[in-house]
Amino acid sequence: MEYYGENYRPGDLVSCKILERSIVPKTNDEYDSLVEFKIIGVKITPYDSTEFILYVTDDDAWKISNCERIGVRTMNQYLIDDKFEKSYITYAKSEHIFRIVNREDGMFCKNCEEFYDKAEPNQEDDSLICYLCRFNPYR
Ligand SMILES: [Zn+2]
């Protein structure tokens, strides 16, 4: 089962499909690699489209052609944490986010992939199986 939630938020670690150094839509079957990014900000653009500001590690920067060093104005405008000063960033829309790898302050159920705020591991392998799945494994 895949998690296709649209409500991405800062702090989420997400993965994107990369083809020829560009992030391609998650529906693309063709891609060279999957790269993980942390969402550090949300940019609401005119015409109501949302773009996510993705932190690109120095090690991954060469993999993406349209990444840039974050500017002071962007930091202030989108309330980006100071620790990302001078980091590389890139932008992606929700259709370019393949899936959430990890999210802060909670966990995904290993079975149904629902996200539970503030949840902690309850399995021996440090994963979470939610209450509903524990009582109905066929869910
Ligand atoms: Zn579950």
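The values are calculated or read from the model by the stated rules, or taken from the named source; none is laboratory data. Predicted model, so just to flag it, every value in this text is computed and none were measured. Because the Cβ atoms are built from the backbone with ideal geometry, glycine has one as well, and the counts that use them run over all protein chains shown.
Has the stretch 37-47 got any residue that is under 15 Å from residue 7 (Cα atoms) and more than 16 Å from the chain's Cα centre (by Cα)?
Yes: one or more hits.
Considering only residues that are in contact with a strand residue (DSSP E or B) (Cβ under 6 Å, 6 or more places away or on another chain) and within 19 Å of residue 82 (Cβ to Cβ), which ones fall in the stretch 8-36?
Selection gives 10 alone.
Identify the residue in the stretch 67-114 that is in a strand (DSSP E or B) and among the small types (Gly, Ala, Ser) and, among all such residues, is farthest from the ligand (Cβ to nearest atom).
Applying the filter and picking the extreme gives 92.
List, please: which pairs have Cβ atoms under 7 Å, are six or more places apart or on different chains, and start with a residue in the stretch 52-66 that is in the same structural domain as residue 81 (by TED's automatic domain parsing) and assigned to a strand (DSSP E or B) and end with one that is surrounded by 17 or more Cβ atoms within 10 Å (Cβ to Cβ) and among the small types (Gly, Ala, Ser)?
Qualifying pairs under 7 Å: 52/92; 53/41; 54/92; 55/87.
Could you check residue 29 against (1) in a strand (DSSP E or B); (2) modelled with pLDDT of 95 or more; (3) surrounded by fewer than 20 Cβ atoms within 10 Å (Cβ to Cβ); (4) charged (D, E, K, R) and say which number it fails?
In the conditions (1) in a strand (DSSP E or B); (2) modelled with pLDDT of 95 or more; (3) surrounded by fewer than 20 Cβ atoms within 10 Å (Cβ to Cβ); (4) charged (D, E, K, R), residue 29 misses (1) alone.
If the requirement is being over 24 Å from residue 34 (Cα atoms) and of a type outside the set (Phe, Trp, Tyr), which of these qualifies: 60, 125?
Going through 60, 125 in turn, the sole match is 125.
Could you check how many residues of the stretch 14-51 are in contact (Cβ under 8 Å) with a residue 12 or more places away in the chain and under 15 Å from residue 94 (Cβ atoms)?
Number of matching residues: 17.
Which of the residues that make up the stretch 120-129 are within 11 Å of the ligand (Cβ to nearest atom) and closer than 21 Å to residue 15 by Cβ?
127, 128
Can you pull out the residues in the stretch 125-139 that are farther than 10 Å from residue 112 by Cβ, part of a loop (DSSP other than H, G, I, E, B) and under 25 Å from the mean Cα position of the chain (by Cα)?
125, 126, 127
So which residues in the stretch 68-106 are free of Cβ contacts under 8 Å to residues at least 40 places away in the same chain, loosely packed, with under 15 Cβ neighbours inside 10 Å and closer than 30 Å to residue 30 by Cα?
Passing the criteria: 68, 69.
Here's the yes/no breakdown for (1) at pLDDT 95 or above; (2) within 19 Å of residue 18 (Cα to Cα):
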position	(1), (2)
38	yes, yes
43	no, no
46	no, no
57	yes, yes
68	yes, yes
78	no, no
86	no, no
90	yes, yes
100	no, yes
